[in-house]
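Heads up, the thing below is written out as structure tokens.
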Amino acid sequence: TKVKGANVQAVVNWSIVPAQALVAKNMKQIALDVPLFQSHGFGNIQYVEAGGEAANGTLFPAGRLLVADVLPDDHPQKKLLVEYAREYQAKYNELPSTFGGHAYDAVLILAEAVKKAGSDNRAKVRDAMESLQGVVGTAGTFNMSKEDHNGLAMDSFELLTVKDGKFALCPKN
């Protein structure tokens, strides 16, 4: 209850399960009514389920995979995200998390680089990978360079929240 007495404006929790759910539950238990910011690692519906009602309102940064169904039809990632989510759910009988999407993106980028290099020669694949532009993946649109091996801009991320036990886009206001 030291936190409650300190008049904090928000709680930032950078942890993994089970702490993510415990922090949300503890905040609810002591009636600490301030925003709870979690890391991108919160992007798995199992963590929301573990937090139960206390997870509602949690805020966290993530790619758009978790909210693919609410993206505008003309969004450059929509088709890929909806298809990925559908195939994932069909195969594993659960909602996708951002983590599987990261693995998908890694294989996608490697495949595009090998294709562009026309070879599996390591140096050629590296050079091709560093020149990839506009590769649409689950985390965003990748624009790679020798200086930027991440390839994602800040606009690849959204601030997500939990509403009624489901992931939702956080209103931009």
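The values are calculated or read from the model by the stated rules, or taken from the named source; none is laboratory data. The structure displayed is predicted, hence computed values, not measured ones. All Cβ positions, even for glycine, are placed from backbone atoms using ideal geometry, and neighbour counts span all protein chains on display.
One table, with the values for the structure above:
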read-out: Flag if A68 is closer than 22 Å to A153 by Cβ and at pLDDT 95 or above; value: yes
read-out: Every pair of residues 6+ apart whose Cβ atoms lie under 9 Å, when the first sits in the stretch 49-76 and is among the aliphatic types (A, V, I, L, M) while the second is loosely packed, with under 12 Cβ neighbours inside 10 Å and assigned to a loop (DSSP other than H, G, I, E, B); value: L59/A10
read-out: Matching residues, the stretch 24-50, being more than 20 Å from the chain's Cα centre (by Cα), among the β-branched types (V, I, T) and under 28 Å from A68 (Cα atoms); value: V34
read-out: Matching residues, the stretch 114-157, being surrounded by fewer than 17 Cβ atoms within 10 Å (Cβ to Cβ), of a type in the set (S, T, N, Q) and closer than 30 Å to V67 by Cα; value: S131, Q133, T141, N143, S145, N150
read-out: Residue match in the stretch 146-158 (condition: free of Cβ contacts under 8 Å to residues at least 60 places away in the same chain and aromatic (F, W, Y)); value: no
read-out: Within the stretch 86-117, tally of residues that are of a type in the set (A, V, I, L, M, F, W, C), closer than 18 Å to V135 by Cα and touching a helix residue (DSSP H, G or I) at 6+ places or on another chain (Cβ under 7 Å); value: 4
read-out: Residue count for the stretch 81-140, restricted to those that are over 30 Å from F167 (Cβ atoms) and among the charged types (D, E, K, R); value: 8
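Conditions (1) in the same structural domain as P35 (by TED's automatic domain parsing); (2) closer than 21 Å to H75 by Cβ; (3) modelled with pLDDT under 95, marked per residue:
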residue	(1), (2), (3)
A113	no, no, no
A117	no, no, no
D120	no, no, no
R126	no, no, no
S131	no, no, no
V135	no, yes, no
H149	no, no, no
T161	yes, yes, no
D164	yes, no, no
